[in-house]
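Written out below as structure tokens is the structure these notes cover.
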Amino acid sequence: MIEILVFLLKAIAGKVISDEVVSGTVGLARWIVKLSASHLCGSQRERYEEEWLANLADRPTAIRKLLFAADCMRAACVMRHHYLYDDLPIVDRIVIRILDLCAALLVAVIVAPYLIISFAGVWASQHFRGPFLTNVHRRRDGRKFYSEAGIAFRTYLNGGQTSIGKVLAITGIEMLPTIWRVIQGRSSLVGRRPLYLELEAAEPHDDDMPYLEFIPDSDNVSVLRFLKRSQDCLRSRTKTGKRRRLESFLCASISGCSFEV
Amino acid sequence: MVTKNEPRVSVQGVAVLRVFLDKYPQQITGSELMDALGVASGTLYPILARFEEAGWLKSKWEAGDPAKLGRPRRRYYTINGAGLAKARNYLEFVGAASVQRT
């Protein structure tokens, strides 16, 4: 009798544990897919997150889901490098990345005192809310959009520029936190600066409306500056047909905003 | 064969083009392509992204709201006119090369 009871308990425990393992593995796979997609740039990030999650659901077993997710990380790395380094040879990519890291860390050390003082000043002037502009925006339908504009200090409060904001804007310190993006590998000081807007404009799909109308909130002047710089970069770097399309896209976006660029 | 600004086409790339050519004008998801070719996602998606960027493939979301579907939307890929021409060129090239080798 006891032997039967032990056998039943073992069977139940085995089933519970195996269910937990399967559910944990699927959860882990979903997390890896989301992490992989977060390595991508611009609108590719949310697009591939949804696409990969849909394809993950099609994989039949938990192990296959996990393998699919792990390989999505490889796909994300390849696709991200394609945008960051175009078609540069692998040695050039490594050299650029090393030089970028060295340059960014050196600049970060040099400007650290200014950053700390600015951080404290902006934090206080913004009534102790986050001192940096967020790169997470919401679309009309509530979905998140991750902008690839550089990280900047908040310089506006309630529609008006703060006094410390004016100083930061004049001295250019407001954009210094962008160094973090270089350290992350999302931008470059040494190599080609990625044109993330290329990704946005290249993909004006049905429901992926141009996101810019959502970005220019009261304190996003730096985003517009970024757009203006991108527009200048386009003239020298993009193919003619694509350039015309992007220029009209950017002009329409910038002229539609109430800020002076 | 490869002109400037054209994406690099690997052996797997040719295989992807072959599937699109065979199933034209059917819409295919990444998952179906993986099953058809037996390639991993890390190989397939960069190829699809390159071809899409080159204007050989087009993709669109599955119709419907994810909230109503109860799952994320699928992304459907289709080959367009330029892609079809390129696919035929590459398959002819690969066919000729394999005949020469034998």
Between A:F132 and residues 5 or more places away or on another chain, the pairs with built amide H atoms under 5 Å apart involve A:R154
Taking the alpha-carbon centre of each part, the distance from the stretch B:26-102 to the stretch A:1-26 in Å is 43
Of the listed links A:K15/A:K65; B:K58/B:K86; B:K23/B:K68; A:K34/B:K86; B:K23/B:K60; A:K65/B:K68, those spanning more than 26 angstrom between alpha carbons are B:K23/B:K68; A:K34/B:K86
Within 10 Å of the Cβ of an average residue in A:71-81, the count of other chain Cβ atoms is 5
Descending packing, highest mean Cβ count within 10 Å first, for A:112-122, A:70-80 is A:70-80, A:112-122
Expected integer from the mean partner chain Cβ neighbour count at 10 Å over A:21-28 is 0
Inter-chain shielding metric for B:37-49, i.e. average beta-carbon neighbours from other chains within 10 angstrom, reads 6
Which residues qualify? For B:T29, with a placed amide H closer than 5 Å and at least 5 residues away or on another chain, they are B:Y77
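Please report the relative contact order for chain B, taking Cα pairs under 8 Å with a sequence separation of at least 6, and give it as a percent rounded to a whole number.
Numbers: 93 pairs, mean separation 31.0, N = 102.
Contact order relative to length: 30 percent.
None of the figures in this text is laboratory data; all of them are computed from the coordinates on show. This is a predicted model, so every value here is computed, not measured. Note: ideal-geometry Cβ built from the backbone for every residue, glycine included; neighbour counts use all protein chains shown.
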